[in-house]
1. Can you tell me which of (1) surrounded by fewer than 23 Cβ atoms within 10 Å (Cβ to Cβ); (2) more than 14 Å from chain B (Cβ to nearest Cβ); (3) touching an Asp or Glu at 6+ places or on another chain (Cβ under 9 Å) is the one A:Val300 doesn't meet?
2. Checking the conditions here, which among B:His6, B:His20 is touching a Phe, Trp or Tyr at 6+ places or on another chain (Cβ under 6 Å) and within 11 Å of another protein chain (Cβ to nearest Cβ)?
3. Only residues that are in contact with a helix residue (DSSP H, G or I) (Cβ under 8 Å, 6 or more places away or on another chain), assigned to a loop (DSSP other than H, G, I, E, B) and under 21 Å from B:Leu194 (Cβ atoms): list them for the range B:328-370, please.
4. Find the helices (runs of 4 or more DSSP H) located wholly in the range A:214-278 whose residues include 2 or more that are within 14 Å of another protein chain (Cβ to nearest Cβ), and list them.
5. State all residues of the range A:38-59 that are open to solvent by less than 30 Å² (accessible area, probe 1.4 Å), small (Gly, Ala, Ser) and outside any strand (DSSP E or B); if no residue qualifies, say none.
6. Within the range B:124-140, can you find the residues that are within 19 Å of B:Glu38 (Cβ to Cβ) and either surrounded by fewer than 24 Cβ atoms within 10 Å (Cβ to Cβ) or more than 7 Å from chain A (Cβ to nearest Cβ) (or both)?
7. Looking only at the range A:378-388, filter to residues that are touching a helix residue (DSSP H, G or I) at 6+ places or on another chain (Cβ under 8 Å) and not β-branched (Val, Ile, Thr); which one of those is most open to solvent (accessible area, probe 1.4 Å)?
8. Please go through the range B:112-150 and pick out each residue that is under 15 Å from B:Gln262 (Cα atoms) and among the polar types (S, T, N, Q).
2 protein chains.
Amino acid sequence: MLSLKHLAISSFNENVVYLHRDCETYKVDEVGTVTKVEVHGGAAPVFAFLEIVDDDSLVSPDELGANNETFARLNLPEGANVSLNIAPLPASVAFIRRKMMGNILSEGEYKSIVNDISNHRYSNMDIASFLIASGSFMSAPETLALTGALVGEKVFHWDNENMVVDHHCLGGVPGNKTDIIITAIVAAYGLPILKTAARSITSCAGVADVFAVLANVNLDENKIGRILTESRGVIADYNRLPLVGACKLMSSIERLIGISQQQHIISEILAIKLAAGVTHLVLDIPVGETSRIKSTAEAVQVRKLAEYVGDMLGLEVDAVITDGSEPIGNGVGAMLEARDVMKVLRNRDDAPKDLLEKSLFLAGRILEFDPKLRGGQGYHVAKEILNSGRALEALNHIIYAQGKAEPSRLGQLTREIISRASGVVRAIDNQRINHIGIMAGASQYSGAGLDLLKKVGDSVDVGEPLYVIHSTNSGDFALANSMVEADNGYTIN
Amino acid sequence: MLSLKHLAISSFNENVVYLHRDCETYKVDEVGTVTKVEVHGGAAPVFAFLEIVDDDSLVSPDELGANNETFARLNLPEGANVSLNIAPLPASVAFIRRKMMGNILSEGEYKSIVNDISNHRYSNMDIASFLIASGSFMSAPETLALTGALVGEKVFHWDNENMVVDHHCLGGVPGNKTDIIITAIVAAYGLPILKTAARSITSCAGVADVFAVLANVNLDENKIGRILTESRGVIADYNRLPLVGACKLMSSIERLIGISQQQHIISEILAIKLAAGVTHLVLDIPVGETSRIKSTAEAVQVRKLAEYVGDMLGLEVDAVITDGSEPIGNGVGAMLEARDVMKVLRNRDDAPKDLLEKSLFLAGRILEFDPKLRGGQGYHVAKEILNSGRALEALNHIIYAQGKAEPSRLGQLTREIISRASGVVRAIDNQRINHIGIMAGASQYSGAGLDLLKKVGDSVDVGEPLYVIHSTNSGDFALANSMVEADNGYTIN
């Protein structure tokens, strides 16, 4: 038996325990390599990675150190007696192997995998294995099974509402933050919209990052219900909600391994919406050579898959294929994107036209979920709401209700990226711009990002700036600058 | 800039750095989820996982803690200035994605992946992703490319020898430790045999674990050369050799995720042999319903693949398909297997006959690599060497030269597993026996394992013991016992 000690280390979901090298009970020199253990002593055994310590001030030979995650999951006081054994592989690992070899997995097998993920029986490595094994091919019924499993036990119910709408974009297009504008318009119209927003996964900024510049996005179920009733719109960081635990783990691993597949993304998006109690969803699928979805054919597959899964699980999905050939708006990164959003809502002359038009189009599609609205009127109603200032007013209500954010500061390390040619901007590479933005620190710091001064079709002279890099620290700034040297993402001729 | 602090934590190859939550330079609350960072300050940037600390006694807000791995790889003194940025994804991750989608990768792409693994630019998760992505299918030229890449820069050369032989078993059969007997016979004959042995990967005990019960297996290049010259045989733990870094990482991840594929295993085995300077290899491919290789057809594929890769890379491979239908010998687990090995070498009457015969057969195949030996004489010569006691003498020389091991102690927690039926043992499930042995602690503790008292074909009465479980700690013992309740691995009728 070892005595439990809490080490205040947070390892982002992964359970870690620390054993002294001179421990008498468990001989460390016989522990050859990375080891997963089961820690006993609490209500249920907790799986954890074993790390070895040579410093008595961290843990002594008769103690077992537990990081924050393990300590919380053990739910035992410091000094409690705990014991270890080598963890057996989760039974569902056999299904990962079967999937790797090209088999179709059953609904039960997906449930079992997701259940093991939710219950922290999978290490991050196991989650990565599942994502890659199922990444090459999943049938539509498999995607349905995964989605159903991901919804999980805990689901929000909004009994006062006939419908709760939402909008989600499949991503791949920098700056594409129509969501906040859409939420403002739809809420102003009076249709309850619950935007469950993500932090950046593979992009410079998620909707939750952008709205966090303006308001608190860390809300609980009660608060969401109240704001939905009173302000008709909510933008909440779904990572902070006690929903879809396995989804969140999968997303964070997708981000880390840099590989995410359509079927997983569809499953994750629809599971979040279903768990959040959303009934009607407009799904934006941007298509472009350098977007996530490269061709209309691919977009149609995604659309049909989302429709099929939505239909089977009781979520009305209106999937819309849009132009994803270049970034939307000018800002890329949370603060710069929030600036664009506010320009649109304030009807400013310098508001990005593409962001404005796309938001109106998508908001119109959502409004048409309302049976009372005459067909084909969505866009015009949305435009009228925006122009009248009612959308801005609705967003201010939402911001006030969620809690206004502290002002943040734009990255003070800046550099103008200068055109080396004269001509017309023929293309802007979404992926390159996204990478440069991430290198500049945008996925970590709200004040970092890129401010695009030229878009496709614009004329440009030699020496004119194409965009401005903003960073908050010199390491990120140097990296972004060195990336730009190799390829700044613009094609001019 | 942060000040570097060494935290004496060993995370088994993974780099980890620890940042205080109140760090001023890097705002932790903006670091949303698991994050890979690049640490700058040393000769080259070091990739590491970021963990967050809330305890000033571990790291203060202006310090960056580094675990043993990161600290060694940074090669900087404590107090050195270091900085961070979010790590870019290794470029070769794009090839993993391509492989996941079913593409054939080029030699250059495998080189690039292996190079990133060797240089610790891959996290364990990335390595798992590569293993799974390439696990479903690899063409023979891909396996060749991977093998070539895994051999790496550093290779041993044994200029005094015309040939250096080795034997390797593909695994899947508990207790199958012919290697030590073969080494003794071949060394006694005078052919230099360098057995590069592994610690357990998916089995109860690797050859290195078993021989470690008898002798030191942690040898360096000079010592191996000297022992090879003087004693004609060496059994070295390849994990301790400065060879095939990427191989070792891949093996340890295969063990953790519980998934290992033929092509990877062939690549890893052949790469180790090539890097160790082995010129001639007998590859044992045991076939059995519950072995790693299930059918002769599969075994023939493996054989041809090993021959092809060996031929292309200059390693003479004699691949032998053997009977893998049940465990070999009686002991399963390092100490119990070492006991069986010594019984055979001592020509004891109670030596397991199957282990004896298989060892002679395979040793004979190796001896026939000697051009001076008349064809077909290998087995008889091997038998004569064993019977005469010269093999035991040779092994004692090797043990003395490598350094005799401290005596170890068999697990004192024991239980006889009793037959519930009378009849004849029809089958013993290799995988089940392996799992029960691992649960009993065999892959971690040399004294843990199973002692099989009955083999296929033996008669058994109700109440007679089938095997004995040995454990060194009560957690493992309880787990093994509970596994036995569900299925003890024996079929009797």
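1. Condition (3) is where A:Val300 drops out.
2. From the options B:His6, B:His20, the qualifying one is B:His6.
3. Those that are in contact with a helix residue (DSSP H, G or I) (Cβ under 8 Å, 6 or more places away or on another chain), assigned to a loop (DSSP other than H, G, I, E, B) and under 21 Å from B:Leu194 (Cβ atoms): B:Glu368, B:Asp370.
4. Answer list for the range A:214-278: A:245-257, A:262-275.
5. A:Gly42
6. Within the range B:124-140, B:Asn124, B:Ile127 meet the criteria.
7. Checking each candidate, the answer is A:His380.
8. Once the filter is applied, which keeps residues that are under 15 Å from B:Gln262 (Cα atoms) and among the polar types (S, T, N, Q), the range B:112-150 yields B:Ser134, B:Ser136, B:Ser139, B:Thr143, B:Thr147.
The values are calculated or read from the model by the stated rules, or taken from the named source; none is laboratory data. Values in this document were obtained by computation on a predicted structure and should not be read as measured data. Neighbour counts are summed over all protein chains in view; Cβ atoms, including those assigned to glycine, are modelled from backbone coordinates with ideal geometry. What goes into the accessible areas is simple: the full protein's heavy atoms, side chains included, and nothing from ligands, DNA or RNA. Shrake-Rupley method; radii C 1.70, N 1.55, O 1.52, S 1.80 Å.
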